[in-house]
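A short write-up of the structure that comes next.
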Amino acid sequence: MFIQTEATPNPATLKFLPGKPVLPGSTRDFRNAAEAEESPLAQRLFGINNVSGVFLGHDFVTVTRSGGEWQQLKPAILGVIMDHYLSGVPVLADMTPQAPETDGEFFDAGKEDVVKTIKDLLDSRVRPAVAQDGGDITFKGFKDGIVYLNMKGSCAGCPSSTATLKHGVENLLRHFVPEVAEVRPV
């Protein structure tokens, strides 16, 4: 098994590509070991010193470090990922597909069509680009012309996430959806 690694715009995260599906159709973002109880892979990764976050994407795993250097952490992370795939244990304990996140979404009444257009643009143009950097971005709300988005994986806390939101996502949405005035993170 050959696992590729890629740098991300966030220097505290590294993207690992096992060459096999990780979580087809969904993502999971774990910020600590307690949150990772549903994922044997994430639990094992949190067992490595200085691992402070694990993001499972469609075909990649993004690991965030709280300290240490990548040259020391990377071999341990590669070993855990390889051992996990060789063991045949599923990435999630139950491996039931997760429904798209709609919990806690909010938007102005009568704006369902605008919200659908925003979500379609996010899914078709933004999320694939963000996934290349080891993260994800999801819709949280739309109120008074402001789109609220949730940054996950390497995008959470990334120094360039503000620029991504303001110069990339905001400009795209404002171009295609005149009702959008601004984009903000949640």
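No lab work stands behind these numbers, since they all come straight from the coordinates. It should be emphasised that the depicted structure is a prediction, and the values quoted were computed from it without experimental measurement. Here the Cβ positions follow ideal geometry from the backbone for every residue, glycine too, while neighbour counts run over all protein chains shown.
Structural remarks
- Tilt relative to the chain, helix 112-121 - C-alpha long axis, 0 to 90 degrees, to 10: 40 degrees
- Calculated FRET value between residue 70 and residue 106, using beta carbons and R₀ = 35 Å, to 0.05: 0.35
- DSSP beta bridges fully contained in the chain are about 80 percent antiparallel.
- Here the extension length gained between residue 132 and residue 171 equals 12.1 nm, from 0.36 nm per residue of separation less the Cα-Cα distance.
- Spin-label zone in the stretch 46-83 - amide nitrogen under 20 Å from a point set 7 Å from the Cα of residue 6 along the C-beta vector: 53-65, 70-71, 74-75, 77-79, 81-82
- With contributions of -39500 (n - 2.57) from each DSSP H run of at least four residues, the per-residue ellipticity at 222 nm computed over the chain stands at -7500 deg cm²/dmol.
- With the convex hull of the Cα atoms taken as the outline of the chain, the averaged projected area works out to 10.4 nm².
- Debye, to nearest 20: dipole size of the chain, +1 on Lys, Arg Cβ, -1 on Asp, Glu Cβ: 460 debye
- Length-normalised contact order of the stretch 1-147 in % [C-alpha pairs under 8 Å, at least 6 apart]: 24 percent
- Tilt relative to the chain, helix 70-87 - C-alpha long axis, 0 to 90 degrees, to 10: 80 degrees
- Segments 1-8, 135-142, 40-47, 16-23 sorted - mean Cβ within 10 Å per residue, highest first: 135-142, 40-47, 16-23, 1-8
- With one equal scatterer per alpha carbon and no solvent term, the Debye-computed log10 I(q)/I(0) for the stretch 1-101 at 0.19 1/Å reads -0.89.
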